[in-house]
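Visitor: Mind looking over this structure? Questions follow.
The values are calculated or read from the model by the stated rules, or taken from the named source; none is laboratory data. Only a predicted model underlies this, so the values are computations on that prediction, with no experimental measurement involved. Note that we place each Cβ from the backbone using ideal geometry, even for glycine, and neighbour counts take in every protein chain shown.
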Amino acid sequence: ARQHVFLLPEYLKDASKKIKSGLMFIKLVNPCSGEGAIYLFSMCLKQLFEIKVFKEKYHSWFINESVQSGGLLHFATPMDPVFLLLHYLIKAGKEGKFQPIDQVVMDDVFSNCTLLLKLPELEKLLRHVTEEKEIDNKKYYKYSKEKTLKWLEKKVNQTVAALKVNRVNVGARVQSAAFFCSDQILSDKEEDYICYAHGLISDYIPKELSDDLSRY
Amino acid sequence: MDLSELEKDNTGRCRLSSPVPAVCCKEPCVLGVDEAGRGPVLGPMVYAICYCPQSRLADLEALKVADSKTLSENERDRLFSKMQEDRDFVGWALDVLSPNLISTSMLGRVKYNLNSLSHDTASGLIQHALDQGVNVTQVFVDTVGLAASYQERLQQRFPDVTVTVKAKADALYPVVSAASICAKVARDQAVKSWQFVEKEQDLDADYGSGYPNDPKTKAWLRRHVEPVFGFPQLVRFSWRTAQAILETEAENVTWEDSALEEQEGSRKITSYFQGEGPQARHPHRYFQERGLEPATAL
Amino acid sequence: LLPCDVLANRPAPVERFFTPAI
């Protein structure tokens with residue numbers, strides 16, 4: 001049987017083995033491409049992880065007393081579920097009306113998207129990107145582009161800070177390692193950081209919104 | 001012959017040499033170079049030199065040294081111990097090249113072919129004798145590859161010495177015969193007392209002479225091929241015989257350079273210029289540079 | 001991690017051919 005090698009955050013180490021409260025691999029939409037992608041969902045923590053796979057040809061693994069071809073290495077990193085909610089909110093938003101969230105987050109291809117409705121503080125998350133109405137103690141939501149762009153701006157700024165802390169090389173790609181000057185951060189202009197962060201976040205949002213964000 | 005060094009680590013190269021007879025540092029000496037074990041699919045290849053003063057060549061001849069291939073194992077052993085007894089005027093040195101070293105040289109990313117390995121080992125041994133102070137004035141070598149170009153190469157490397165490279169030198173020149181006996185004795189002993197580096201219980205030593213057409217060797221190879229790891233390191237993986245068995249009995253393995261070789265020349269030049277269509281969105285450079293892409297299936 | 005792709009997923013006597021190095 002195929003075996004997979006994963007790098008997970010350590011606190012998931014003692015996730016229970018029981019399906020109800022353990023870890024689950026689910027297929028949900030990739031908010032950038034609209035195609036499917038594999039995610040990890042912790043039922044007890046109600047937390048979502050994206051799965052990135054490190055792929056380089058001509059590798060294999062020895063795992064204990066076995067060999068596993070491919071040499072793939074999977075990373076599970078926590079992911080902000082709002083990016084996934086956005087996918088459904090933008091689609092529903094085209095109708096221009098307020099709707100209950102459980103009628104927005106519906107998907108017959110990726111039926112596990114309903115797990116997103118179990119997220120703690122869902123209402124707080126939704127407030128970042130929607131207008132909200134309450135009628136008879138029932139909440140209705142509508143996608144708000146303005147709020148979303150403001151939220152994404154914060155994301156970009158957080159990402160810029162993280163790129164700097166991690167000394168990620170964001171300058172033009174032709175810069176070769178031989179010219180890597182020690183005060184690289186000075187040499188990488190602020191706008192390079194913003195552009196890089198925008199590009200990175202655009203891997204999680206549709207093209208149209210990425211263009212809006214770039215203008216914004 | 002004390003091969004304990006080799007038995008400690010038989011995955012690389014091991015050099016042995018006799019003490020240098022004092023007379024060899026004074027009088028002009030003749031030195032012979034030969035090898036043993038070029039053909040076998042398993043076991044080491046051994047390069048040996050043997051030298052003595054020109055004035056004592058007749059004594060060496062009197063030992064009735066001859067081309068090792070024409071002698072039985074007992075005769076070789078007897079002659080070698082005789083040479084050891086005559087340690088006051090005969091010296092020798094040898095390089096044992098393990099099968100692992102041979103295979104990794106021939107199969108490495110930078111190919112190091114067998115003839116170059118042989119040439120370098122032979123000149124390394126001649127240099128070793130010179131470094132030990134032996135007064136070498138003539139060298140006789142059994143050829144590997146084209147005799148003329150080999151001779152010219154050695155002559156250039158050792159300009160103060162007269163070099164003669166000739167086919168069948170081990171039958172023509174006593175010092176080369178003596179070297180071939182040293183090499184063969186060393187190889188026979190190394191193969192007989194081979195220490196398997198693999199922790200395998202059922203590895204038997206019934207592998208015969210090691211030559212590809214030896215039925216015992218063939219049967220042994222078939223008996224001990226492991227689908228993922230191939231053979232124990234006694235075997236020369238770079239040998240056609242071993243590769244043929246791996247191709248039929250073992251799992252397929254692709255290496256980066258071999259796959260590239262297959263692809264080279266097969267890509268149409270236009271493929272370098274075709275875009276993937278206006279809509280294709282590449283993953284961000286951050287992920288591309290790290291070889292990361294979204295997992296779409298497990 | 002091996003620098004080559006063994007085109008199989010199967011048991012292999014790794015212990016016999018590799019000794020772990022710390």
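Visitor: What residue, of B:A244, B:A205, is among the aliphatic types (A, V, I, L, M), over 19 Å from C:E15 (Cα atoms), part of a helix (DSSP H, G or I) and free of Cβ contacts under 8 Å to residues at least 40 places away in the same chain?
Guide: B:A244
Condition check ((1) crowded, with 18+ Cβ neighbours inside 10 Å; (2) closer than 19 Å to B:D170 by Cβ) across all residues:
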| site | (1), (2) |
| --- | --- |
| B:D67 | yes, yes |
| B:E75 | no, yes |
| B:Q84 | no, no |
| B:L97 | yes, yes |
| B:S103 | yes, no |
| B:A129 | yes, yes |
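Visitor: Would you please name the residue that is farthest from B:A22 (Cα to Cα), looking only at residues in the range B:116-135 that are in a loop (DSSP other than H, G, I, E, B) and touching a Gly at 6+ places or on another chain (Cβ under 9 Å)?
Guide: B:Q132
Visitor: Report yes if A:V82 is farther than 22 Å from A:S214 by Cβ and either at pLDDT 95 or above or not polar (S, T, N, Q) (or both), otherwise no. Steps first, please.
Guide: Numbers: farther than 22 Å from A:S214 by Cβ: no; either at pLDDT 95 or above or not polar (S, T, N, Q) (or both): yes.
Judged against the criteria, A:V82 is not a match.
Visitor: What residue, of A:K52, A:K57, is of a type in the set (K, R) and at pLDDT 95 or above?
Guide: Result of the check over A:K52, A:K57: A:K52.
Visitor: Does the range A:1-27 hold any residues that are without any contact (Cβ under 8 Å) to a residue 60 or more places away in the chain and at the interface with another protein chain (Cβ under 9 Å from one of its Cβ atoms), and which are they?
Guide: Of everything in the range A:1-27, those that are without any contact (Cβ under 8 Å) to a residue 60 or more places away in the chain and at the interface with another protein chain (Cβ under 9 Å from one of its Cβ atoms) turn out to be A:A1, A:F25.
Visitor: Okay, next question. Residues in the range B:96-115 that are aliphatic (A, V, I, L, M) and in a helix (DSSP H, G or I): how many?
Guide: Matching residues across the range B:96-115 total 5.
Visitor: Quick check: anything in the range A:28-36 surrounded by 20 or more Cβ atoms within 10 Å (Cβ to Cβ), within 12 Å of another protein chain (Cβ to nearest Cβ) and out of contact with any helix residue (DSSP H, G or I) (no Cβ under 8 Å at 6 or more places or on another chain)?
Guide: Yes, the range A:28-36 has at least one match.
Visitor: Further question: Restricting attention to the range A:10-23, report how many residues are modelled with pLDDT of 90 or more and surrounded by 14 or more Cβ atoms within 10 Å (Cβ to Cβ).
Guide: Within the range A:10-23, residues that are modelled with pLDDT of 90 or more and surrounded by 14 or more Cβ atoms within 10 Å (Cβ to Cβ) number 1.
Visitor: Moving on. Looking at B:S177, is it within 22 Å of the chain's Cα centre (by Cα) and either within 14 Å of another protein chain (Cβ to nearest Cβ) or not in a loop (DSSP other than H, G, I, E, B) (or both)?
Guide: Answer is yes for this residue.
Visitor: Moving on. Going through the range B:136-157 one residue at a time, which ones are touching a helix residue (DSSP H, G or I) at 6+ places or on another chain (Cβ under 6 Å) and part of a loop (DSSP other than H, G, I, E, B)?
Guide: Those that are touching a helix residue (DSSP H, G or I) at 6+ places or on another chain (Cβ under 6 Å) and part of a loop (DSSP other than H, G, I, E, B): B:T143, B:V144, B:G145.
Visitor: Moving to a separate point now. Which pairs have Cβ atoms under 8 Å, sit 6 or more apart or on different chains, and link a residue in the range A:53-65 that is more than 7 Å from every other protein chain (Cβ to nearest Cβ) and in contact (Cβ under 8 Å) with a residue 40 or more places away in the chain to one that is among the polar types (S, T, N, Q) and assigned to a loop (DSSP other than H, G, I, E, B)?
Guide: A:I63/A:Q3
Visitor: Next question. Output the number of residues of the range A:182-206 satisfying the condition of being at pLDDT 95 or above and out of contact with any helix residue (DSSP H, G or I) (no Cβ under 9 Å at 6 or more places or on another chain).
Guide: The qualifying residues number 0.
Visitor: Looking only at the range A:92-126, count how many residues are touching a residue at least 40 places away in the same chain (Cβ under 8 Å), not in a helix (DSSP H, G or I) and not small (G, A, S).
Guide: Keep residues of the range A:92-126 that are touching a residue at least 40 places away in the same chain (Cβ under 8 Å), which gives A:92-93, A:96-101, A:107, A:109-110, A:112-113, A:115-116, A:118-120, A:125-126.
This time we only want the ones that are not in a helix (DSSP H, G or I), so: A:96-100, A:107, A:109-110, A:119-120.
The next check asks that each one be not small (G, A, S); those that pass are A:97-100, A:107, A:109-110, A:119-120.
The qualifying residues number 9.
Visitor: Please enumerate the residues belonging to the range A:1-22 that are more than 22 Å from the chain's Cα centre (by Cα) and of a type in the set (K, R).
Guide: Scanning the range A:1-22 gives A:R2, A:K17, A:K18, A:K20.
Visitor: Suppose we filter the range B:221-244 for residues that are over 21 Å from the mean Cα position of the chain (by Cα), surrounded by 13 or more Cβ atoms within 10 Å (Cβ to Cβ) and more than 10 Å from chain C (Cβ to nearest Cβ); how many remain?
Guide: Of all residues in the range B:221-244, those over 21 Å from the mean Cα position of the chain (by Cα) come to B:222-229.
Now restrict to residues that are surrounded by 13 or more Cβ atoms within 10 Å (Cβ to Cβ): B:224-229.
Retained after the next criterion (residues that are more than 10 Å from chain C (Cβ to nearest Cβ)): B:224-225.
The qualifying residues number 2.
Visitor: Being of a type outside the set (G, A, S), touching a strand residue (DSSP E or B) at 6+ places or on another chain (Cβ under 9 Å), crowded, with 21+ Cβ neighbours inside 10 Å and at negative phi: is that true of A:L86 here?
Guide: yes
Visitor: Does A:A76 satisfy the condition of being crowded, with 17+ Cβ neighbours inside 10 Å, touching a strand residue (DSSP E or B) at 6+ places or on another chain (Cβ under 8 Å) and not in a strand (DSSP E or B)?
Guide: So A:A76 fails the test.
Visitor: Go through the range A:1-59 and give me each residue that's within 25 Å of A:K207 (Cβ to Cβ) and not hydrophobic (A, V, I, L, M, F, W, C).
Guide: Within the range A:1-59, A:K27, A:N30, A:P31, A:S33, A:G34, A:E35, A:G36, A:Y39, A:E50, A:K52, A:K55 meet the criteria.
Visitor: Here is a further query. Name the single residue that is nearest to B:D77 (Cα to Cα) among those in the range B:187-202 being part of a loop (DSSP other than H, G, I, E, B) and more than 11 Å from every other protein chain (Cβ to nearest Cβ).
Guide: The first filter runs over the range B:187-202 and keeps only residues part of a loop (DSSP other than H, G, I, E, B), leaving B:193-202.
Still in the list and also more than 11 Å from every other protein chain (Cβ to nearest Cβ): B:193-195.
On the way: B:S193: 15, B:W194: 18, B:Q195: 21 Å.
Going through the qualifying residues, I end up with B:S193.
Visitor: May I pose another question? Take the residues in the range C:11-22 that are outside any helix (DSSP H, G or I) and within 7 Å of chain B (Cβ to nearest Cβ); name whichever of them is nearest to A:V67 (Cα to Cα). Please lay out each step first, then the result.
Guide: Of all residues in the range C:11-22, those outside any helix (DSSP H, G or I) come to C:11-13, C:18-22.
Narrowing the set further to residues that are within 7 Å of chain B (Cβ to nearest Cβ) leaves C:12-13.
Details: C:A12: 6, C:P13: 9 Å.
Among those that are outside any helix (DSSP H, G or I) and within 7 Å of chain B (Cβ to nearest Cβ), it is C:A12.
Visitor: Now a separate question. Which of the residues spanning the range A:37-49 are under 18 Å from A:P120 (Cβ atoms), among the aliphatic types (A, V, I, L, M) and at the interface with chain B (Cβ under 10 Å from one of its Cβ atoms)?
Guide: A:L40
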